[in-house]
Amino acid sequence: MKLLVTGATGYIGSHAALELLDAGHEVVGVDNLSNSSRESLRRVEALTGRDVPFVQADIRDRAAMEDVLREGIDAVMHFAGLKAVGESTEQPLAYYENNIGGTLALTQAMEAAGVRRMIFSSSATVYGDPARVPIDENTPTGRPSNPYGYSKLMIEQILRDLAAADSRWSVALLRYFNPVGAHASGQIGEDPQGIPNNLVPYISQVAVGRREALSIFGDDYPTPDGTGVRDYIHVVDLARGHVRALEFLANAVSERPDQLDQSPQAAGAQASANCHVWNLGTGRGYSVREAVAAFEKASGRSVPVQVAPRRPGDIAECYADPTLARQQLGWQAGHDLDAMMRDAWHWQRQNPQGYEV
Ligand code: NAD
Ligand code: UDP
């Protein structure tokens, strides 16, 4: 299939592009380069020996999207968006404009071009602070603690409504837990601009000498060691989950609807025959201290830490029940925490300043 990948030069988009190419698909990348470097896709091309046509454009530019989509695109993997939680609290309009406005323009362009298959980057943040863990897809969506999270929840609703209104659409809402790590080559990885918001990039920058110490945001949570517990998932596993979801959507179209298993158990309570919801996580939670210890083991470097107050909006524990993706997509994460940290470190050590050369 020929895929339009929005946000293609970003962290997850570049890894997904690589996995799509490896699986024999074609990729056209779109990005406005607001949070990424053109270099990432050049490296994907070098790693795969394949061309990745790239269009520098904003997904809110509907006409530009329509032009690209008319080039024989079969499906869209939609990664483009702003993702800094703290910034979203300071600039809510920019986040709603970009993430929701961008998705609306993109889906309108898709409709006009007759491309009605979309795989969307959602997030476990849509569950808010869940009553219990592990979180399966039947868990009610909650109250995200910031505009970024709400933008994901609202986009999910828009795509669900679209699929309900027109059975020609097929949609996958992929709820990521905590993507970390990098491609095993160390050639592509996460390259945050400024001070990293997320744990593993921060640890990596401490280990490589760019920052002094990691602040642990709270050690008084009701967790085994008091620090927050998350379901870290290797970005390559995550990318492969997208390839499986794409293939599922493509095959579902050729099945008769009455042959699809539409039981709530199979579909997830918030899914329907043409709008699917899948958690992409490992099913295992690790604390901040466990993540630091795994990184130290993988890198052979010590990572100084200091305990700081809790970060507003953080929850104690969040990890997936990934059973549905295993059953329906035949997908499960293959990399453990040590592999995630090894690959995060490999990328950071080879590219201490990210893509900047
Ligand atoms: P990223 O910032 O590395 O990639 C997003 C890309 O989108 C960037 O390259 C950016 O330049 C581009 N972009 C932003 N707005 C755009 C616009 N209007 N038009 C064109 N391009 C635009 O982030 P990522 O970590 O690769 O995340 C990809 C997607 O996954 C995002 O939608 C994010 O919200 C979602 N997600 C990420 C995580 C995570 O922890 N990384 C977790 C859950 C969900
Ligand atoms: N965290 C931390 N220090 C940091 C960044 C994160 O202690 O500099 C903790 C955070 O409180 C949470 C976990 O690490 O318990 C994962 O945070 P991250 O921002 O990576 O992902 P989130 O789950 O918040 O999306």
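To keep it simple, each residue is scored yes or no on (1) of a type outside the set (D, E, K, R); (2) in a helix (DSSP H, G or I); (3) within 16 Å of ligand 2 (Cβ to nearest atom); (4) surrounded by fewer than 20 Cβ atoms within 10 Å (Cβ to Cβ).
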position	(1), (2), (3), (4)
Pro144	yes, no, yes, no
Tyr148	yes, yes, yes, no
Ile155	yes, yes, no, no
Arg160	no, yes, no, yes
Ala163	yes, yes, no, no
Arg168	no, no, no, yes
Leu173	yes, no, no, no
Ala182	yes, no, yes, no
Gly186	yes, no, no, yes
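Across region 225-246, which residue is nearest to ligand 1 (Cβ to nearest atom) among those that are small (Gly, Ala, Ser) and under 23 Å from the mean Cα position of the chain (by Cα)?
Kept after step one, since they are small (Gly, Ala, Ser), are these residues of region 225-246: 226, 228, 239, 241, 245.
Now narrow it down to the ones that are under 23 Å from the mean Cα position of the chain (by Cα): 228, 239, 241, 245.
Values: Gly228: 14, Ala239: 10, Gly241: 12, Ala245: 14 Å.
Residue satisfying both the conditions and the ranking: Ala239.
Restricting attention to region 32-46, report how many residues are surrounded by fewer than 17 Cβ atoms within 10 Å (Cβ to Cβ) and touching a Ser or Thr at 6+ places or on another chain (Cβ under 8 Å).
The number of residues fulfilling the criteria is 2.
Which is under 18 Å from the mean Cα position of the chain (by Cα) and surrounded by 20 or more Cβ atoms within 10 Å (Cβ to Cβ), of Gly102, Gly86? Write out each step before concluding.
Numbers: Gly86 fails: surrounded by 20 or more Cβ atoms within 10 Å (Cβ to Cβ).
Being under 18 Å from the mean Cα position of the chain (by Cα) and surrounded by 20 or more Cβ atoms within 10 Å (Cβ to Cβ) holds for just one of Gly102, Gly86, which is Gly102.
Yes or no: region 112-121 includes at least one residue that is away from ligand 1 (no atom under 11 Å from the Cβ) and of a type in the set (Lys, Arg).
yes
For Met65, state whether it is of a type in the set (A, V, I, L, M), surrounded by 19 or more Cβ atoms within 10 Å (Cβ to Cβ) and either closer than 22 Å to Ser151 by Cβ or away from ligand 1 (no atom under 15 Å from the Cβ) (or both).
yes
Any residue in region 89-109 that is touching a residue at least 60 places away in the same chain (Cβ under 8 Å), under 20 Å from Leu246 (Cβ atoms), out of contact with any Phe, Trp or Tyr (no Cβ under 9 Å at 6 or more places or on another chain) and in a helix (DSSP H, G or I)?
Within region 89-109, one or more residues are touching a residue at least 60 places away in the same chain (Cβ under 8 Å), under 20 Å from Leu246 (Cβ atoms), out of contact with any Phe, Trp or Tyr (no Cβ under 9 Å at 6 or more places or on another chain) and in a helix (DSSP H, G or I).
Could you tell me how many of the residues in region 190-224 are within 20 Å of the chain's Cα centre (by Cα) and either away from ligand 1 (no atom under 16 Å from the Cβ) or part of a helix (DSSP H, G or I) (or both)?
Here the count works out to 6.
Filter region 188-212 down to residues that are within 17 Å of Gly13 (Cβ to Cβ) and near ligand 2 (Cβ under 9 Å from one of its atoms), then give me how many there are.
So the count comes out to 2.
Kindly indicate whether any position in region 333-349 is surrounded by fewer than 23 Cβ atoms within 10 Å (Cβ to Cβ), polar (S, T, N, Q) and in contact (Cβ under 8 Å) with a residue 40 or more places away in the chain.
For region 333-349, residues surrounded by fewer than 23 Cβ atoms within 10 Å (Cβ to Cβ), polar (S, T, N, Q) and in contact (Cβ under 8 Å) with a residue 40 or more places away in the chain: absent.
Restricting attention to helices (runs of 4 or more DSSP H) lying wholly within region 247-357, give those where 2 or more residues are more than 16 Å from ligand 1 (Cβ to nearest atom), out of contact with any helix residue (DSSP H, G or I) (no Cβ under 7 Å at 6 or more places or on another chain) and at pLDDT 95 or above.
Fully inside region 247-357 and qualifying: 288-299, 323-329, 337-350.
State all residues of region 228-254 that are over 19 Å from Asp22 (Cβ atoms), within 16 Å of ligand 2 (Cβ to nearest atom) and β-branched (Val, Ile, Thr); if no residue qualifies, say none.
Val229
The values are calculated or read from the model by the stated rules, or taken from the named source; none is laboratory data. Source: prediction; values computed, not measured. Please note: Cβ atoms are built from the backbone with ideal geometry, for glycine as well, and neighbour counts cover all protein chains shown.
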